[in-house]
Amino acid sequence: MRIIFMGTPEPAKKILQALLAARQAIILVVTQPDRGRGRGQKLAGSPVSELAAQIKLPIQKPESVKDPAFIGGLKALSPDLIVVVAYGKILPKAILEIPKHGCINVHASLLPKYRGAAPVQWAILNGEKETGVTIMQLDAGLDTGPIFSQAKISVDADDTTMTLMDKLFAAGAPLLLSVIKAIENGRFATVPQDNACASFAPALRKEEGSLDFKKTARATRDRIRACEAWPGAFTYYKGKPLKILRADKNFYEFKKPFAPGAVVDIINGRGFVVAAADQGILLEEVQPDSGKKMSAYDFVLGRKVKVGDIFPN
């Protein structure tokens, strides 16, 4: 089967590796254009682009998937199937209609739940204990197409967006291969989604990384886990932004009344405990504004943080 692969981040790269290992005929890789990375904003290709270049697969990086020349090039290849994995753009109808067997997508949720760009982040933000991966047929809607197959995955207390994505796409790879085999054999079936059960997972905005210690300790930690890749969870200390990178999964009781955001304890070698609405949350790794990642305990020593200090302040 002649397959065009469309994907961008590291999890999509792993799906592409699985297709190649299964000796699927990848005739073209489409990924996002090179973007600036790091402080110097040096242009660099996506993980999918790097893999494709390494093994000398044809690559295209269109600025717009609506470009008539790009669409015409896809048609000229006469693909049997287009596989889409976290590509980053919605495909127009003109592309959906090109392949003989249509376009199929590996989506990181149990559709119709969490349709949209950030299903993994919202599953963690909402405190889900279980999510999953769906292989679906793309149509003109936003993740509304019929479902080929699904697999459930547990969300562990230590999972972040990146670790959960790894688990989901690791489960998605064999699921995708089984669907492709069924399509090749003409023995596939799909199930329509129940639109009445749909929920949505839009891309996170920067302000959604802001921590509100008036919420519960669990909700606060869930936000830290969910915002790991983007936009990063943050608060303020002495008027300057402070990214919170990691917090302990265990919560802390404190007897003396403290306002939400107050430092209630400093734990030697580990970090500092901040009061949330119900319990304390131990912050373990932080990153000061324009600084490097550091242990929260080193931050305490360097900034002379003390019990009673308030975040934000």
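Scanning region 195-212 for residues that are under 22 Å from D159 (Cβ atoms) and either in a helix (DSSP H, G or I) or not charged (D, E, K, R) (or both) gives S199, F200, A201, P202, A203, L204, E208, G209, S210, L211.
For region 296-310, the criterion of a residue being within 24 Å of K129 (Cβ to Cβ) and in contact (Cβ under 8 Å) with a residue 24 or more places away in the chain is satisfied by no position.
Residues are listed down the side, and each one gets a yes or a no for (1) hydrophobic (A, V, I, L, M, F, W, C); (2) surrounded by 20 or more Cβ atoms within 10 Å (Cβ to Cβ); (3) modelled with pLDDT under 95:
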{"site": "D139", "(1), (2), (3)": "no, no, no"}
{"site": "P146", "(1), (2), (3)": "no, no, no"}
{"site": "P174", "(1), (2), (3)": "no, no, no"}
{"site": "F188", "(1), (2), (3)": "yes, no, yes"}
{"site": "S210", "(1), (2), (3)": "no, no, no"}
{"site": "R225", "(1), (2), (3)": "no, yes, no"}
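The residue list I124, I135, I95 contains one member that is under 17 Å from K14 (Cβ atoms) and either crowded, with 21+ Cβ neighbours inside 10 Å or in contact with a Phe, Trp or Tyr (Cβ under 7 Å, 6 or more places away or on another chain) (or both), which is I135.
The combined condition, being more than 27 Å from the chain's Cα centre (by Cα), outside the structural domain of D158 (by TED's automatic domain parsing) and not in a strand (DSSP E or B), is not fulfilled by G232. Among the residues of region 17-34, just one is surrounded by fewer than 12 Cβ atoms within 10 Å (Cβ to Cβ) and either under 20 Å from G88 (Cα atoms) or not hydrophobic (A, V, I, L, M, F, W, C) (or both), namely R23.
Residues are listed down the side, and each one gets a yes or a no for (1) part of a strand (DSSP E or B); (2) at negative phi:
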position	(1), (2)
F254	no, yes
P260	no, yes
G269	no, no
V273	yes, yes
I281	yes, yes
E284	yes, yes
K292	no, yes
L301	no, yes
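Screening N268 on (1) loosely packed, with under 14 Cβ neighbours inside 10 Å; (2) over 24 Å from K304 (Cα atoms) shows it passes everything except condition (2).
The values are calculated or read from the model by the stated rules, or taken from the named source; none is laboratory data. All values derive from a computational prediction rather than experimental measurement. As a convention, Cβ positions derive from the backbone with ideal geometry for all residues, glycine included, and neighbour counts pool all protein chains shown.
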